[in-house]
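A short reminder: the numbers here are calculations on the coordinates, not readings from a lab. Not measured: the values here are computed from a predicted model. Counting neighbours? That spans all protein chains shown, and the Cβs are built from the backbone with ideal geometry, glycine included.
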Amino acid sequence: MNNYKVAVIPGDGIGVDVIKAAWQVLELSAAKHHFSLQGEWFPWSCDYYLEHGEMMPQDGIATLRQFNAILLGAVGWPQRVPDNVSLHGLLLPIRKQFDLFANVRPHRLLPGVRGPLREENFDILCIRENTEGEYSGAGGRLHQGTPQEVAVETSIFTRHGVGRILRYGFEAARQRSGRLASVTKSNAQKYTMVMWDEITDEIASEYPDVKVTRYHIDAIAARFVMQPESLDVVVASNLFGDILTDLGAAIQGGLGYAASANLNPDPAVPSMFEPVHGSAPDIAGQNIANPIASIWSGALMLDHLGEKQAAQGIMQALEQVTAEIPLNQTQSTAAITDAVLRLI
Ligand code: NAD
Ligand code: IPM
Ligand code: MN
């Protein structure tokens, strides 16, 4: 019987509620499909920071390295710990240290779900670069607090980093409709995005079966709303991908529906699975957070671990639930979770 070690980090706010839900579904799915999930829970969060002065222990990354996968809820509670401290202390180092370069975010309307802008025909796979670009962390402030202050935040794009995320996008496009959208802002940005376009063209010559279209980030944002059926696989830099995927989440029904996988294809390091949304302090602890994004992220985890049938089973259960139950504010986290559990 296959056994997988999973590091579970619920994190902050609704992360705790939605990961509890996802874990219940994962455990039941494992039992039904005859494999075992050995979960170890880590309390790393803003509360942990207030007690220990750090978001995770010094050897946190080394600890996580022992696992086959990481399941994470959300990090951040800006009223307690500044976001740049909490995120740079936990979520972002995990992505960076394990080189989880492909942040894969499927955006589609599940059956029965009506988004605010679309009721059907919305199915886009976003592939977001996850380790460099605008999130390089390089920069600084000069003359801080004075009228002469200058702040610099440097985007760092490497040929290696851009090449591998684009290649990931080409491969994904090949598995789907053969259409790839490459997102830049190369009309305004002269160096990084121009290099991105050049690398896109170079790799395109290796994939004659994939039709690539270049879009500027502003234009593709409008296209997400106006003509999303013209898009299929979308590959974007770290920040552009971040913004586009909250837009994708909104169109697919809300933040509570969007799942993500932070992947390094090397099975020797743990990939991380988490909803796209954050800790939603405004609704924390009220049993109203939508757990679907986290349950879906759990399915992405099982798929990555090779438990394809179990992953499909979770997706089928989710789709049946969304098709049958009108999901709105009156559905509690527990009610949605129970409905999914009954169908596993
Ligand atoms: P957010 O995604 O937490 O919330 C935005 C809005 O969406 C809120 O109104 C919230 O109630 C709603 N929402 C989010 N998830 C929902 C769900 N599952 N069900 C129902 N409604 C949901 O974004 P924010 O308010 O900008 O951020 C809150 C905190 O989370 C900040 O500290 C932020 O930095 C952090 N954050 C963390 C992650 C992460 O860990 N991956 C992602 C995004 C934001
Ligand atoms: C996400 C989040 C994070 C990001 C934040 C919390 C640093 O918004 O996972 O989409 O920007 O990557
Ligand atoms: Mn985001």
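Here is the list for segment 94-149: GluC sites (Glu not before Pro) lying in DSSP coil, each with at most 16 other C-beta atoms within 10 angstrom of its C-beta, are 119, 120, 149. The charge dipole of the chain, taken about its Cα centre with unit charges on the Cβ atoms of Lys, Arg (+1), Asp and Glu (-1) only, comes to about 420 debye. Comparing 294, 45, 155 in a Gaussian network model of the chain (Cα springs below 10 Å), the most mobile by mean-square fluctuation is 155.
Taking a ≥ b ≥ c as the square roots of the eigenvalues of the Cα gyration tensor, an a/c ratio of 1.5 or more together with a/b no larger than b/c marks segment 111-186 as oblate. Relative contact order of the chain, taken over Cα pairs closer than 8 Å and 6 or more residues apart, is 25 percent. Projecting the alpha carbon convex hull of the chain along each direction and taking the average yields 18.2 nm².
Residues whose amide H falls under 5 Å from that of residue 2, counting only those 5 or more places apart or on a different chain, are 36, with hydrogens built in the peptide plane. Residues whose amide H comes within less than 5 Å of that of residue 180, counting only those at least five positions distant or on another chain, are 211, 212, 213 (H built at 1.01 Å from N in the peptide plane).
Database remark: amide H of residue 41 closer than 5 angstrom to the amide H of 8 (H placed geometrically; neighbours at sequence offset of 5 or more, or on other chains; Pro and chain starts carry no H).
Within 10 Å of each candidate Cβ there may be at most 15 other Cβ atoms; applying that plus a DSSP loop requirement, which trypsin sites (Lys or Arg not before Pro) in segment 87-129 survive? Sparse-neighbourhood loop trypsin sites (Lys or Arg not before Pro): 114.
Each residue of segment 208-213 is assigned a 3J(HN,Hα), and the resulting list reads x, 7, 9, 8, 9, 10 Hz, derived from the Karplus form 6.51 cos²θ - 1.76 cosθ + 1.60 (θ = phi - 60°), x at Gly and Pro. Counting only lysines at least 8 places from residue 190 when in the same chain, those with an alpha carbon closer than 25 Å to its own are 211. Working note: Karplus 6.51/-1.76/1.60 with θ = phi - 60° gives segment 121-138 the couplings 6, 9, 7, 10, 9, 8, 10, 10, 5, 10, 10, 9, x, 5, 9, 5, x, 8 Hz, where Gly and Pro are set to x.
Would segment 254-344 count as rounded, prolate or oblate if I go by the C-alpha gyration tensor, calling it rounded below 1.5 in a/c and otherwise prolate when a/b exceeds b/c, oblate otherwise? Oblate is the answer for segment 254-344, as a/c is 1.5 or above yet b/c matches or exceeds a/b.
Shape verdict for segment 1-129, please, from the Cα gyration tensor: rounded (a/c under 1.5), prolate (a/b greater than b/c) or oblate. Oblate is the answer for segment 1-129, as a/c is 1.5 or above yet b/c matches or exceeds a/b.
Summary value for segment 180-281: 25 percent relative contact order, contacts being C-alpha pairs under 8 angstrom separated by 6+ residues.
Which value in deg cm²/dmol, rounded to the nearest 500, describes the helix-derived mean residue ellipticity at 222 nm for the chain, given -39,500 (n - 2.57) per DSSP H run of n ≥ 4 and division by the residue count? Theoretical 222 nm ellipticity from helices: -13000 deg cm²/dmol.
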